[in-house]
Structure formats: C-alpha cells, structure tokens
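Laboratory data are not the source of any read-out in this text; all were calculated from the coordinates shown. Quick caveat, the model's predicted, so the values are computed rather than measured. Counting neighbours? That spans all protein chains shown, and the Cβs are built from the backbone with ideal geometry, glycine included.
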Amino acid sequence: MDSNPAPAARTTDGGTRRLSVAVIGGSLTGPVTALLLLRAGFDVTVYEATPASAPLGGGLIGLEHTALDVLDRLDIPQREFIAYDSETIRQVAIRDRQPEQTALRTYPGRNTTWTLLHRALAARVPAGVLRRGMRVTGLTHHAGRPILQFTDGHTETADLVVFADGRSSIGRRLLDPGRKLHYAGYVAHRGIATNTPQPDLRDFVRMEPCPGAQFNIAPVPGGCDWTFYLGCTATDYEQRFGANPTRRVFALPQHITPAARTHVDEHADQLLPSDHAAVVHATTARMAVPVLDIDPPTRMVWPVGDGHAVLLGDALAPVRPHTARGANNGIEQAAGLAVALTQHRRYNADLPTALHGWQRRHLPTAVAAVRQGPVIGDKLGLGAR
Ligand SMILES: Cc1cc2nc3c(=O)[nH]c(=O)nc-3n(C[C@H](O)[C@H](O)[C@H](O)COP(=O)(O)OP(=O)(O)OC[C@H]3O[C@@H](n4cnc5c(N)ncnc54)[C@H](O)[C@@H]3O)c2cc1C
C-alpha cells in the first residue's frame, strides 16, 4: 500500500456513497466475490472474457472448511456441489506397479469439481450482473475514477476493481508487472474417464510411484477424475501442447497432440497398477496444466485515481496444485474483502485502511502457499528447485 493512500469515496455530508465494484473473471473466485458483495449491498458487475466459461483450472477441487462455510453463508447447499462426501485420502506407495503401503488421512474439507461449483455459483448471479465476452485489456483513471478498457475499445468505470482473472491475470500484469510466472518443469496431465466404471472408488486416492511422478484419482459424477504429474522440459511442453508453458497456461482438449497422449499412456504403463493404467488409456477427454511458480506477492491493493484495484485468487498468486490451496485462497480472500467493504459501507470505516487490513490478514496465507508448492514438488522429485 502507498504510505499516502487515496481517500475513501465520501460524500460531502460525511457519509459514504454506494461503491460500484467491477469484478474481472467469472470462474470461481469472481462469482464468490460478486455474490458476497451483492449480499452486502454493493453495486457489482462481473466481466468475463469468454462467451461461456470452461473448466480451465480442472476437475477435482478440495475445499477446506473455511471455504465451505463461505458457500454455506451464500445459502448454497453442499449437496449441490459435493457429489461424494468422503473425507478420506488414501495415500498409496507404489513399487513395481504394485501398491506397497497405504496410509489413510482425513481431509479437513470435501471435494467438489470446477463444473459443479461453477454451476452452483453462476446460477445465483443475477441476470445482468455477469457480462460475458468482455475481455479487459487496460486500467486507467479519469476524474479520480478507475476506468476499465476492453478489447472492443469499450470502457467502464468503477470505484473498486477486483481482478479475479486467473493465472495469466491482466490485472497482475498491469498492477504488479515485475512478478512473472516461472515454469516448474512438470505437468499435471488430467482426464475424466467416463467409460471405465470404478464402483468401489469413493475416496480421493493418491498414488506415489516416486520419485518424479504422482497419480491422483477420485470419483466425479459420471466417472472418475485423474491427474498424473510427470516431468517435462519447456521444449517438450511446446512440442506436445503447441506453445510455451508460461503462454499456454492451460492445454485444452484441442491442444493435446497424439505425442502428448502417447507420453502419458507410456508412463501409465511403466508406473501405475494395470487397472489404473487402463483407466488412463481409456480416457478420451484430456487436458494438461503446466505447473507454474510465481514470485510471492508483496501486496494485494493498489490505488487507481481515487479508487482502488485488488488482486484475488489465482490472479494474485497461482499456487502449485499439490498445495490444494488455489480455490481455497480465492474464496477466503473474497470473504475477507466482503467483510472489509461491509465495515466501510455500514460504519463508514476508512476504505484504504479497511483494504490495507484485509491485505495484512490474507497476504501471509497466499505467500505461504506459493512457498509450499516447491517444497512438496521437491519431496515428490517433481520440478527443479
Ligand atoms: C490439477 C489441479 C488441481 C487443483 N486442486 C485444487 C484443490 O484441491 N484445492 C484448491 O483450492 N485449488 C485447487 N486447484 C486450483 C484451482 O483450480 C484454482 O486456484 C482456481 O480454479 C482459481 O480460480 P479463479 O477463479 O481465481 O481463476 P480461474 O479459474 O483461472 O478463472 C479466471 C477467469 O477469468 C477470466 N479472465 C481471464 N482474463 C480475463 C480478462 N482479461 N478479462 C475478463 N476475464 C478474464 C477467465 O476466462 C476465467 O473465467 C487445482 C488446480 C489444478 C490445475
């Protein structure tokens, strides 16, 4: 934060006027933020670049109790987005393609999927609030008010701009350009198998044929979701998925080349028990996510004219998937932001100070998750440190 922060949006009679909030990104963090702020009485618009959101971040997402409680407070029943209520993680050491030892752990939360959670959130965003096909390209200010620029040359104003626009965030590039993404040297290959029924699969199963590989599998509606972490040089990534890993931060089904498919199938044959290798082989719908690191954030709030811009969720700090903290961080930050803004709206709390307090409470958790990723990767023999 600046040492000389911008004044709060005050009216001449000393009260605060209704802040207008622009949320950039309509995936998970954006809609949670919007719903919380709408409930708190703010004037909110969500701008989403794509005409229809796709599950970029992936299938299975573990949500901890704090995030689940935020969804509870939004009156979203858990049964709507939790299809399997197991809290058990089965951690299986694999040697010579055979399970050697299984440790049971209890996860302090539940597993959802991007699709279930996004659907539950999007269904609650009132018509007119979510504006799709609106890609933000710039942020300036005029007469004290932040102005968003869009690809088509269109502009919109807001008092507060909340960037929840994910790993390649335009907000982060504009506000904090020094923090670049670094490829960690391995890929999370993902698939949803719909044609190999696993009737006994109830829990999240983590298989470790370490070093240098991890395979996770869990039930999802209509099949099972798997993630296979394997090493991959940046050059190989470009050959297998068509672009550099810091540019193609999600390889969608159309980017998966036959060579990428073969690479994953061969590793499944070398490393996994035969029934799990068969699940991989049979999976037609595949994606891949390069594992990326970023310099830890040092701030979440920026003054823009007399207004502000903030970064949340993956826009602030994409973290390695093993931390299982990306969506949790975004939801917790959204809830904290709604608290700070509510104090401003209801009790005339000084806005820059409220935002600074929010940053002070949430920045350490984001930094910890950024740092934790390489530690976990190192233990698994994945990625270079
Ligand atoms: C394999 C894997 C496993 C994971 N497991 C977990 C887990 O167990 N627990 C957990 O908490 N997290 C997990 N995550 C992380 C989680 O998926 C992400 O942190 C989460 O999806 C981020 O949500 P977001 O809304 O912040 O960003 P995103 O989902 O990336 O959404 C950003 C949105 O912004 C839009 N957008 C981008 N640019 C613009 C622009 N210029 N203008 C307008 N809109 C824009 C995009 O189209 C997109 O809809 C996992 C990730 C992976 C890859």
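Here are a few things to note about the model shown:
- When both segment 227-274 and segment 106-158 are represented by their alpha-carbon centers, they are found 30 Å apart.
- Highest-first packing order for the peptide set 20-33, 187-200 is 20-33, 187-200, based on the mean count of other beta carbon atoms within 10 Å.
- Projecting the Cα atoms of Phe163, Thr365, Tyr186 onto the charge dipole of the chain (Cβ charges, centred on the Cα centre) puts Phe163 farthest toward the positive pole.
- A simple spin-label model places pseudo-atoms 7 Å from Cα toward Cβ; at Ala278 and Asp72 they are separated by 4.1 nm.
- Computing Rg and the Kirkwood Rh from the Cα coordinates of the chain gives a ratio, Rg/Rh, of 0.99.
- Neighbourhood net charge (13 Å Cβ-Cβ; Lys/Arg +1, Asp/Glu -1) for Ile147: -2
- Val339-Thr196 FRET efficiency (beta carbon distance; Förster radius 35 Å; 0.05 resolution): 0.20
- The mean sequence separation of alpha-carbon pairs under 8 Å and at least six residues apart, normalised by the residue count of segment 239-299, gives a relative contact order of 42 percent.
- Crossing angle, helix 326-347 versus the chain [Cα axis fit, 0-90 degrees, rounded to tens]: 20
- Long-range tail of P(r) for segment 69-128 (Cα pairs > 16 Å, %): 58
- Efficiency of FRET between Ala122 and Thr365 - r from beta-carbon atoms, R0 25 angstrom, step 0.05: 0.45
- Segment 246-308: trypsin sites (Lys or Arg not before Pro) in DSSP coil with no more than 15 other Cβ atoms inside 10 Å: Arg247, Arg299
- Close amide H contacts of Tyr47 (hydrogens built in the peptide plane, cut-off under 5 Å, sequence separation of 5 or more or a different chain): Val23, Ile24, Gly25, Arg131.
- In terms of its C-alpha gyration tensor, segment 161-235 comes out oblate, because a/c is 1.5 or above while a/b does not outweigh b/c.
- Most fluctuating residue given options Arg39, Arg90, Arg172, as computed from a GNM of the chain linking Cα atoms under 10 Å: Arg39
- Compared with the alpha-carbon gap, the fully stretched path from Thr233 to Thr298 is longer by 20.5 nm at 0.36 nm per residue.
- Dipole-positive endmost among Pro253, Ile89, Pro99 within the chain (Cβ charges, Cα centre): Pro253
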